[in-house]
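Visitor: Following this message is one structure expressed as structure tokens.
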Amino acid sequence: MSDTPPILELRQITKRFGGLTALEDVNFDLHVGETHALVGENGAGKSTLMRILSGVYNEYDGDYILDGQHIRLASPRDALSRGIGMIHQELNVMPELSVAENIFLGRQPLTAMGSVDWRTMNRVAEEELRKLGFNINVRLPLEQYPLGIQQVTEVLRVILSGARILIMDEPTSALSPAEVERLIQLVNDLRSRHKRSIIYISHFLDEVMRVADRVTVLRDGRNVATVNATETSKTQLISLILGREMDAVLPSASESTAKRTLLSIKDLSGGAFENVNLDLDAGEIVGLYGLFGAGHFDLARALFGMFRFDSGTITIDGYSFPTNFTARDAIKKGLAYVSESRRKSLFMDEANYRNITLPHLGHIGGFWPSYAKEVAAARPVMEMVNVQPCKPDNPVGTLSGGNQQKVAIARWITYPPKVFVVSEPTRGMDVGAKNEVLSILVNFRNQGYGVLVVSSEPETVLAVSDRIVVMSRGKIVSELANTGDLQKEALMRLI
Amino acid sequence: MTQTDAVTSHLHEEKRSTVLKRSLRTLAPLWTLLALMLFFSLASESFLRPINLNNILVQISTLAILGAGMTFVLLTGQIDLSIASMVTLVGIINAHMFVNMGIPEPWPSLAAVGVATLLGLLSGLATTRFRIPSFMSTLAMSLIASGLATWISQGRTFFKISEVAAFLGSGRIGGPDGLRVLTVVAALCLLVSFLVLRYTRFGRYIYMTGANPSGARLAGVNTNLIFTAALAISGFCGGLAGLVNMGRLGSAQPQVIDSFMIDTIGAVVLGGTSLNGGRGGIIQTVIGLLIYGTLRNGLDNIQQLDPFMKEFITGVVLMGALIINLLFSGRSVRDRT
Ligand SMILES: Nc1ncnc2c1ncn2[C@@H]1O[C@H](COP(=O)(O)OP(=O)(O)OP(=O)(O)O)[C@@H](O)[C@H]1O
Ligand SMILES: [Mg+2]
């Protein structure tokens, strides 16, 4: 492979945001028909490098060589016209358009008459999705579907656009294992059969080992190493990423003494779930695990008054909610909820401190919130979860994905709730940050709060839960204690 | 507020050139205003005279009261198309109670402003309870209000107005050369709105709800209340503007002056408040009002200009501002991966 010149090469790339150096002298290349993975901690500069590659940023130092020629892209459109397509994690979907329209955005097939060929469009979209295991109605607006579908839609759009260089920035962060499996097959297929060149960013190293020919590790905006996938191991990658061995020990769980039920769900039925019964004790972490369409994310929303339920009761520490309660009521009664979509819950253009204080603005500032008080409340929690860079004034949108997630969780720490409902708490986080976030949850548990971790990632659920509840097609199908010898495969088989 | 704040907090984070670009866009309305003033002061001798400048203030006072309310509404990402009808209805209610029913002030004025606030509240409820987009609910409300005005007045104009309205609309503080009351009322409206939006918790909720409604809801903000409150505030401002306007004209007419709505939205947007919600504020609105006032008045002061071209030119400027507004609203920091 290395005897042919690379199709694409970046040399000595340096990118600064004011005083912050996001990338320094980074080199990167890509050969035809190769999958080159890019890994690194949150904030290492992966997305920034890819934004340069796909024309989003055009102010940087260094050389960009495509097909042996020095170029400077003008825009993402320019990149696309040269065959470079990028899958941004949640960026480019149009929620109001149908799934099929999203997949064919900007290049709908036409009939002989020159009108949009809806039939072909819907058929192809349906087929492609089915190949990946999604049997869904592609005529419905995309916003009606969970994040996983939106992600797949984005992936399909870029793949079908015919780009010869595909950049995938964390394409699987909202998918569950079976779908990841099919996506990996698709990626491998694109590479070997269609000779596409792929850049693959992920925090899931197992995944990386399976798709990549080569792996480049970035740390603090610098090249650390580029290794052949066959000659490396997951452990080696982890130490390259972190620059040290991982200390993957979560704080030990302290035994809770008196049992007190904090959250009790009785016979809850709604659009996406049926007859759900679930108890959560003080000082307990329950993992709610399920795949796409299991209804577990909607159940979490229902607990927070954001998803309608038709019958059944939700009780928090002895108080039963009426059927029509709002998020506000839920917060007042001691519930906190972190959505799986950062985009829905965070205010990207607003300063970190404003994102953090919003749920508790009344407590912090009373009628007149003051800047000083708000920052004084926000800074300690940002430090506690280690948001990097820890600048309360910066808009949350300038943080890397993983750090945004920390902010989304951190905002509840100022006034800790009784019951914490967290959907996909570690989505898009690197190995180290994952640990930090999970530690936060374990600490909550040790302080006597109840934590419900809602996730489609078996690793996350297995890492922290005392008890695991498995949902499938809106129903609870099994419930088991997490004694430590439970394996990922065993859990996945339960569905 | 958020725009300028965001800019300052970005200062050390972004390249100098980007900072320049950013401040260029936030300051664009200010440059526009200065350029217009320069242009008109060169093109017409009368423009810079104190009398004329005072004229501009008087001309934009009614708009300013309406604009204060509209700023609340636009910041939440909604729109209020009923304000022109509110202005008319308030005049008619006040005059009808005062003249036909013989009820002494302050009741007619209080009732009239109360009705306007209530109708704004109802638009808000229709929008939040029944999920009717605000441009539809307020459009319907505008018909309701103007319909009520026609019905109550039976199509007749009132030429007698109450002393309260006369004081608000044409009174002066401190002798015949003193400050116009309506300018003071407008300034107070803007000042109070400014303080509320910038310094109170409610103000923060307005911004956050406009920037990301689902995010606000997830953080426990009662967004329905915020939307409704914004429309009610706009209704209240419509009411106040109605009293002022009838005092200024010395009569209450049942015909709706449509330009109030277009001018208000135009001025607020010209200042740089986003139609998508979450960005902008009273400072922007003040600049927008001054631009609007300068443009209108300046065109009047140029003798050579075909008077029939004025509206055309104002429209073109408004269109330009809208394009800039929409162009930049997509250029924000987005979710990163
Ligand atoms: N527009 C911006 N303004 C200021 N700083 C930025 C901007 N974009 C990125 N950064 C900073 O540059 C660094 C690299 O960010 P980047 O998004 O590339 O990280 P990443 O490797 O993709 O992380 P993650 O795994 O969390 O997605 C971070 O410290 C981030 O805060
Ligand atoms: Mg990233």
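Visitor: Which residues, taken from the stretch A:345-369, are away from ligand 1 (no atom under 13 Å from the Cβ) and more than 7 Å from every other protein chain (Cβ to nearest Cβ)?
Guide: Passing the criteria: A:Y353, A:R354, A:N355, A:I356, A:T357, A:H360, A:H363, A:I364, A:G366.
Visitor: Listed residues B:S193, B:S251, B:S259; which is in contact with a strand residue (DSSP E or B) (Cβ under 8 Å, 6 or more places away or on another chain) and more than 14 Å from every other protein chain (Cβ to nearest Cβ)?
Guide: B:S251
Visitor: Pick from B:L139, B:L119, B:L89: which is buried (at least 17 other Cβ atoms within 10 Å of the Cβ), out of contact with any helix residue (DSSP H, G or I) (no Cβ under 8 Å at 6 or more places or on another chain) and either free of Cβ contacts under 8 Å to residues at least 12 places away in the same chain or not charged (D, E, K, R) (or both)?
Guide: Result of the check over B:L139, B:L119, B:L89: B:L139.
Visitor: Scan the stretch A:45-59 for residues that are in contact (Cβ under 8 Å) with a residue 60 or more places away in the chain and more than 10 Å from ligand 2 (Cβ to nearest atom) and report the count.
Guide: 2
Yes/no per residue for (1) over 30 Å from B:Y207 (Cβ atoms); (2) under 17 Å from the mean Cα position of the chain (by Cα):
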position	(1), (2)
B:R49	yes, no
B:L53	yes, no
B:L57	no, yes
B:T76	no, yes
B:I79	no, yes
B:I93	yes, no
B:T117	no, yes
B:P133	no, no
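Visitor: Looking at the stretch B:223-239, is at least one residue surrounded by 24 or more Cβ atoms within 10 Å (Cβ to Cβ), touching a Cys at 6+ places or on another chain (Cβ under 7 Å) and hydrophobic (A, V, I, L, M, F, W, C)?
Guide: yes
Visitor: Taking the stretch A:152-201 as the region of interest, how many residues are open to solvent by 10 Å² or more (accessible area, probe 1.4 Å), within 16 Å of ligand 2 (Cβ to nearest atom) and either part of a helix (DSSP H, G or I) or away from chain B (no Cβ under 13 Å) (or both)?
Guide: Looking only at that region, the number is 0.
Visitor: Please state which of the following conditions A:S47 fails to meet, knowing it meets all the rest: (1) away from ligand 1 (no atom under 15 Å from the Cβ); (2) open to solvent by 10 Å² or more (accessible area, probe 1.4 Å).
Guide: Evaluating A:S47 over (1) away from ligand 1 (no atom under 15 Å from the Cβ); (2) open to solvent by 10 Å² or more (accessible area, probe 1.4 Å) leaves (1) as the failure.
Visitor: For the stretch A:80-135, which residues satisfy the criterion of being open to solvent by less than 40 Å² (accessible area, probe 1.4 Å), over 27 Å from A:S202 (Cα atoms) and assigned to a loop (DSSP other than H, G, I, E, B)?
Guide: A:P109, A:D117
Visitor: Take the conditions open to solvent by less than 30 Å² (accessible area, probe 1.4 Å), away from every other protein chain (no Cβ under 14 Å) and at pLDDT below 85 and apply them to B:N301. Does it pass?
Guide: yes
Visitor: State which residue is nearest to ligand 1 (Cβ to nearest atom) when the search covers only the stretch A:4-44 and only residues that are touching a residue at least 12 places away in the same chain (Cβ under 8 Å), charged (D, E, K, R) and under 19 Å from A:S75 (Cα atoms).
Guide: Here the answer is A:K15.
Visitor: Among the residues in the stretch A:58-79, are any small (G, A, S) and within 26 Å of A:T172 (Cβ to Cβ)?
Guide: Yes, the stretch A:58-79 has at least one match.
Visitor: Of the conditions (1) more than 15 Å from ligand 1 (Cβ to nearest atom); (2) open to solvent by less than 10 Å² (accessible area, probe 1.4 Å), A:Q69 fails just one. Which one is it?
Guide: Exception for A:Q69: condition (2).
Each row is one residue, and each column tells you yes or no for (1) under 27 Å from the mean Cα position of the chain (by Cα); (2) away from chain B (no Cβ under 14 Å); (3) modelled with pLDDT under 90; (4) within 16 Å of ligand 2 (Cβ to nearest atom).
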position	(1), (2), (3), (4)
A:R16	yes, no, no, no
A:A37	yes, yes, no, yes
A:I65	no, yes, no, no
A:V93	yes, no, yes, no
A:R107	no, yes, yes, no
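Visitor: Another question, then. Test of understanding: among A:R77, A:R11, which residue is more than 12 Å from chain B (Cβ to nearest Cβ), modelled with pLDDT under 90, open to solvent by 70 Å² or more (accessible area, probe 1.4 Å) and over 23 Å from the mean Cα position of the chain (by Cα)?
Guide: Checking each option against the conditions leaves just A:R77.
Visitor: Tell me the helices (runs of 4 or more DSSP H) entirely within the stretch A:360-449 that contain at least 3 residues that are open to solvent by 10 Å² or more (accessible area, probe 1.4 Å).
Guide: So the answer is A:361-365, A:371-384, A:431-446.
Visitor: Same structure, new question: Conditions: (1) within 11 Å of chain B (Cβ to nearest Cβ); (2) open to solvent by 20 Å² or more (accessible area, probe 1.4 Å). A:P322 meets all but one. Number of the miss?
Guide: (1)
Visitor: Kindly check whether there is at least one residue in the stretch A:370-392 that is at the interface with chain B (Cβ under 8 Å from one of its Cβ atoms) and of a type in the set (A, V, I, L, M, F, W, C).
Guide: no
Visitor: Can you say whether A:F297 is aromatic (F, W, Y) and at the interface with chain B (Cβ under 10 Å from one of its Cβ atoms), as far as the supplied structure shows?
Guide: Answer is no for this residue.
Visitor: Would you check which residues across the stretch A:393-412 are facing another protein chain (nearest Cβ under 10 Å) and of a type in the set (D, E, K, R) and list them?
Guide: A:D393, A:R411
Visitor: Please go through the stretch B:207-224 and give me each residue that is at the interface with another protein chain (Cβ under 8 Å from one of its Cβ atoms) and either out of contact with any Leu (no Cβ under 7 Å at 6 or more places or on another chain) or not in a helix (DSSP H, G or I) (or both), ordered by number.
Guide: Passing the criteria: B:A211, B:N212, B:S214, B:A216, B:R217, B:L218, B:A219, B:G220, B:V221, B:N222.
Visitor: Return yes when A:R342 is open to solvent by less than 10 Å² (accessible area, probe 1.4 Å), farther than 21 Å from A:I476 by Cα, of a type in the set (K, R) and within 14 Å of chain B (Cβ to nearest Cβ) and no when it is not.
Guide: yes
The values are calculated or read from the model by the stated rules, or taken from the named source; none is laboratory data. Only a predicted model underlies this, so the values are computations on that prediction, with no experimental measurement involved. Because the Cβ atoms are built from the backbone with ideal geometry, glycine has one as well, and the counts that use them run over all protein chains shown. For the accessible areas, the whole protein counts, side chains as well, though only heavy atoms, and no ligand, DNA or RNA atoms are used. Shrake-Rupley method; radii C 1.70, N 1.55, O 1.52, S 1.80 Å.
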